[in-house]
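Each reported figure results from applying straightforward, stated rules to the coordinates on display, with no laboratory input. Computed from a predicted structure; not experimentally measured. As a convention, Cβ positions derive from the backbone with ideal geometry for all residues, glycine included, and neighbour counts pool all protein chains shown.
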Amino acid sequence: MVKKTLQRRRMLEVLEQFRIIVKSIRRHYQDVERRAGVSGAQLWALAQVADSPGAKVGELARALAIHQSTASNLLRALEAQGLVTRERQGRDQRQVQLFASRKGLQLLKGAPRPLIGVLQQALSELPAARLHALHAELAHVLARMKVKSPAAARAMPLSEM
């Protein structure tokens, strides 16, 4: 009985940790939109383009761990605001390279930090062994939840959840 009570208490503590994480993510993305005028996903994409001038859409999608069509949609919105440009250079005119515009670079200077998002930043700062352990434990949780469509969740940026 004591063991079940302790396990239930621990489970509730873990749920509270998830709530804190989600609330922190939402608060950060609301701050990004209020102060920068772009979504959190757009800010991360813009920061990635600025860090990798000349990158291609597929490279951006891989860097953000999103589907290529989702990356294209983010870029379309950034381009409409004059924050990103697409250029065809070299012999192969099919290849589009991405560049942050002067306006985009200016936006990045004043944007709330971290540019990649609070959860992404925290995860990137974990030691490799802890990140690996967290990955393994979350995989167990997902398996117990019997998630039907993990691909759909992978395609959506955190700021849009």
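Here are a few things to note about the model shown:
- Alpha-carbon centroids, region 84-119 and region 1-72: separation in whole Å: 19 Å
- With the charge dipole of region 2-160 set up from +1 on Lys and Arg Cβ and -1 on Asp and Glu Cβ about the Cα centre, the Cα lying farthest toward the positive end among the listed residues ALA100, VAL49, LEU6 is that of LEU6.
- Region 1-77 - convex hull of alpha carbons, volume per residue in Å³: 112 Å³
- The local environment of ARG34, defined by Cβ-Cβ distances under 14 Å, has a net charge of +1 under the rule Lys, Arg +1 and Asp, Glu -1.
- 17 Å Cα-Cα reach of LYS4 towards aspartates and glutamates, excluding residues that sit fewer than 8 places from it in its own chain: GLU13
- Candidate lysines for bridging to LYS148, where Cα separation is under 27 Å - those fewer than 8 sequence places away on the same chain excluded: LYS23
- Only Lys, Arg, Asp and Glu carry charge here, each on its Cβ (+1 for the first two, -1 for the last two); on that basis region 2-160 has a dipole of about 560 debye about its Cα centre.
- Each of LEU134 and GLU16 was given a label point 7 Å from its Cα along the Cα-to-Cβ line. The distance between the two points is 2.0 nm.
- Given the chain, longest segment not containing exposed loop trypsin sites (Lys or Arg not before Pro) (DSSP; at most 11 other Cβ within 10 Å): 1-90
- Between the labelled values [x] 17.8; [y] 15.3; [z] 16.0, the entry that holds Kirkwood radius over Cα pairs in Å as derived from this structure is [x].
- With the simple spin-label model, which puts each label point 7 Å out from Cα in the Cβ direction, the ARG144 to ARG27 separation comes to 2.8 nm.
- Annotation: extensible slack from ARG62 through LYS109 equals 14.5 nm (criterion: 0.36 nm per residue apart, minus Cα-Cα distance).
- Within straight-line reach of LYS103, meaning a Cα separation under 23 Å, sit the following lysines at least 8 residues removed in sequence or on another chain: LYS56.
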